[in-house]
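A short write-up of the structure that comes next.
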């Protein structure tokens, strides 16, 4: 399997917004196939900007992004957006169709899939997040946690190379948070998880990177990073009260 | 959580009318209304027959008469206008219950009332036997411009989300001691409306991002193909065709 290209390779990525504000200053990041990586960083570090480069919504000012060997560029955009599944923070933004089933079908149907094959794909994606029986419900009749799970299903339906989650645990009650963790662990897919929820990163991602000031400031085992008090302070990262990352056995 | 706006008009069921494909039903209702409008207003009996036809459809769809009549109340503002006509129209006058009324005005009022009521009744039956979502699919199938269908379907999806946002803003205002008592408070309400507009606009941008991320390129992919067999078309056509026969007879007799 050493020959498989990494799921995600970002090199020298820099970006400035049209108003002149520069958000990224040369980001270097490689995520191997099947890895689960947490992207940590304070507010305003450029995390969302980086995420929007991964599927070509924003165009790199300098540097490059490749997904499983395919560069993110205009002619490849359709395939790139199939390979990179982004789950946005607010499920009400992500779920824009009148029913759950149509929403999950949107991506594959946009790629030209039809009929029984499409129905099968939708069912499988909903089944993986335990929401198959809600297929015909309108999204706004579901609880927040259920909507978040459906949002994950909408990108799973595209069978992406890499799943990018923006704050997956935000606004979830502890039970929904744990259920989502179980689902994410059960998926056989590369995951990049943007989060402020450090215990969640420790629970799910063996490796973490810290994005701060528009560059990758640290890259290593999640437990090591969280235990490095100086690094944490420097990048405005704080653990919740009473949480000691040394006290738990982290996944490897 | 929304209260299920989709169910306020729709009345779930499995009658033959419910199971007809939506585009057949829309086409049938549309043709029926055209035929009714084209009927000469002097053919009083024809309108009676139309009403009977609709009653038969409603019975087939198992819609209770009370339900149908209650929904018809939406027509009242328009009826008010029709009631005025006999008083204000010109021409020959007739005495009715001691009131001097215009004859052409009476005919005009009858015309609006009869045709309007039949049209509304047909639409109410359509709405109570067809889900909102299915109606949109039907319109799409009947080649309504896709952009309009998309706008309508986003309205269904986000109506509740925006109402909810509005409710939260109202609670936030009231929690800080605001009561809308008169003109002087209108400024605050106007600013809230503006803020709501901007929030909705920004949500629109985020939704568009999410759509692009899943491969949206300007057209909605076809997910549910609405198809109708010849038998279903024939079945749906029964209503407008019978009406057409009534209409033609009406023209020949008057």
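The values are calculated or read from the model by the stated rules, or taken from the named source; none is laboratory data. Small disclaimer: the values here were computed from a predicted structure and weren't measured. Neighbour counts run over all protein chains shown; Cβ positions are idealised from the backbone, glycine included.
Out of B:147, B:126, B:84, B:118, I need the residue that is closer than 30 Å to residue B:233 by Cβ, away from chain A (no Cβ under 14 Å), within 29 Å of the chain's Cα centre (by Cα) and surrounded by fewer than 16 Cβ atoms within 10 Å (Cβ to Cβ). Which one?
On inspection, the qualifying residue turns out to be B:147.
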Across the range B:150-160, which residue is farthest from the other protein chains (Cβ to nearest Cβ) among those that are surrounded by 17 or more Cβ atoms within 10 Å (Cβ to Cβ) and within 15 Å of residue B:208 (Cβ to Cβ)?
-> B:158
Of the listed residues (B:236, B:228), the one being part of a helix (DSSP H, G or I), away from every other protein chain (no Cβ under 14 Å) and under 26 Å from the mean Cα position of the chain (by Cα) is B:236
Members of the range B:46-76 that are free of Cβ contacts under 8 Å to residues at least 40 places away in the same chain and assigned to a helix (DSSP H, G or I) = B:48, B:52, B:55, B:56, B:59, B:65, B:66, B:69, B:70, B:73, B:76
Residue B:196 is checked against (1) out of contact with any helix residue (DSSP H, G or I) (no Cβ under 9 Å at 6 or more places or on another chain); (2) more than 12 Å from chain A (Cβ to nearest Cβ); (3) assigned to a helix (DSSP H, G or I) and fails just one. What number does that condition carry?
-> (1)
Is there a residue in the range B:172-181 that is over 17 Å from residue B:23 (Cβ atoms) and within 13 Å of chain A (Cβ to nearest Cβ)?
-> no
Among (1) loosely packed, with under 15 Cβ neighbours inside 10 Å; (2) under 17 Å from the mean Cα position of the chain (by Cα) - the single one residue A:21 does not satisfy = (2)
Does residue B:203 fit the bill of being in contact (Cβ under 8 Å) with a residue 24 or more places away in the chain, farther than 30 Å from residue B:32 by Cα and within 14 Å of chain A (Cβ to nearest Cβ)?
-> yes
Flagged in the range B:201-222 as surrounded by 15 or more Cβ atoms within 10 Å (Cβ to Cβ) and either assigned by TED's automatic domain parsing to the domain that holds residue B:54 or at pLDDT 85 or above (or both), in numbering order, are B:203, B:206, B:207, B:209, B:210, B:211, B:212, B:213, B:214, B:215, B:216
Would you mind telling me which numbered condition in (1) within 30 Å of residue A:86 (Cβ to Cβ); (2) away from chain A (no Cβ under 14 Å); (3) exposed (fewer than 12 other Cβ atoms within 10 Å of the Cβ) residue B:184 fails?
-> (1)
Exactly one of (1) away from chain B (no Cβ under 13 Å); (2) part of a helix (DSSP H, G or I); (3) out of contact with any strand residue (DSSP E or B) (no Cβ under 9 Å at 6 or more places or on another chain) is unmet by residue A:130. Its number?
-> (2)
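Name the residue, out of A:146, A:89, that is without any contact (Cβ under 8 Å) to a residue 60 or more places away in the chain, under 20 Å from the mean Cα position of the chain (by Cα) and surrounded by fewer than 21 Cβ atoms within 10 Å (Cβ to Cβ).
A:146
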